[in-house]
Amino acid sequence: MDSPNLFVVTGGPGCGKTTVLLELEKLGFPYAPEVARQIIQEQVRSGGRALPWDDRELYTKLMLEQSIESYKRHASSSQVTFADRGIPDTLGYARLIGLEDLSAIQSACSDYRYARRVFFAPAWKEIYATDQERKQDFAEAQRTCDQILEVYQECGYEVVELPRTAPEGRAEFILEQISEPISEMRCPA
């Protein structure tokens, strides 16, 4: 299943993904929220164990299921839509925590395809902060960033790094990039 109008904005934790998506939403572009954060919030509220600091395998399973559901909800849109992370992020996380059986996640990455161009927010120490759901230190955030970048490249996406600039500038950069053909893709210096 391909969705050429569903663009992923990804990267490590605390890189400004959601902030730029909120900026794009102000400009009239809908986005699918990050499922990982929703899972954490739901599990904390309900006293569940599917958390990155408790039952990581169950957390990963829920992340995959909900990422697929989110994809299916947004994939048929004829309007440009953005996703705060995509199914390959689940593969990156599973690799980070050392899960052995990745076959279901790898199949999902192959079966559910986003727009070919993916926007990647690099680790950015100056804006990084922890919160109730984001407990990693910056070094772990950097490792996560590196793993996610590698996974999207392995999955055959054209990864475009977002500039380290204000959210408005990042949103403008993304809109310029989605209006260019893939062969003319540029990455910021």
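Listing for the model above:
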quantity: Sole exception among (1) touching a residue at least 40 places away in the same chain (Cβ under 8 Å); (2) under 29 Å from Thr165 (Cα atoms) for Ser76, by number; calculated: (2)
quantity: Cβ-Cβ under 8 Å pairs, at least 6 apart or on other chains, the stretch 43-68 side over 21 Å from Val9 (Cα atoms), far side of a type in the set (Ser, Thr, Tyr) and assigned to a loop (DSSP other than H, G, I, E, B); calculated: none
quantity: Single residue of the stretch 96-109 satisfying the filter (under 17 Å from Ile148 (Cβ atoms) and either free of Cβ contacts under 8 Å to residues at least 24 places away in the same chain or in contact with a strand residue (DSSP E or B) (Cβ under 9 Å, 6 or more places away or on another chain) (or both)) that is surrounded by the fewest Cβ atoms within 10 Å (Cβ to Cβ); calculated: Gly98
quantity: Checklist (1) surrounded by fewer than 17 Cβ atoms within 10 Å (Cβ to Cβ); (2) among the charged types (D, E, K, R); (3) at pLDDT below 95 applied to Arg56, failing item; calculated: (1)
quantity: Hits in the stretch 82-91 - residues which are crowded, with 24+ Cβ neighbours inside 10 Å and either among the small types (Gly, Ala, Ser) or not in a helix (DSSP H, G or I) (or both); calculated: Phe82, Ala83, Arg85, Gly86
quantity: Enumeration of residues in the stretch 94-129 that are among the hydroxyl-bearing types (Ser, Thr, Tyr) and modelled with pLDDT of 95 or more; calculated: Ser103, Ser107, Ser110, Tyr112, Tyr114
quantity: Failed condition for Gln132, given (1) loosely packed, with under 15 Cβ neighbours inside 10 Å; (2) at pLDDT 95 or above; (3) farther than 17 Å from Asp84 by Cα; (4) out of contact with any strand residue (DSSP E or B) (no Cβ under 7 Å at 6 or more places or on another chain); calculated: (2)
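The values are calculated or read from the model by the stated rules, or taken from the named source; none is laboratory data. Values in this document were obtained by computation on a predicted structure and should not be read as measured data. Cβ coordinates were reconstructed from backbone atoms using ideal geometry, including for glycine residues, and neighbour counts include every protein chain displayed.
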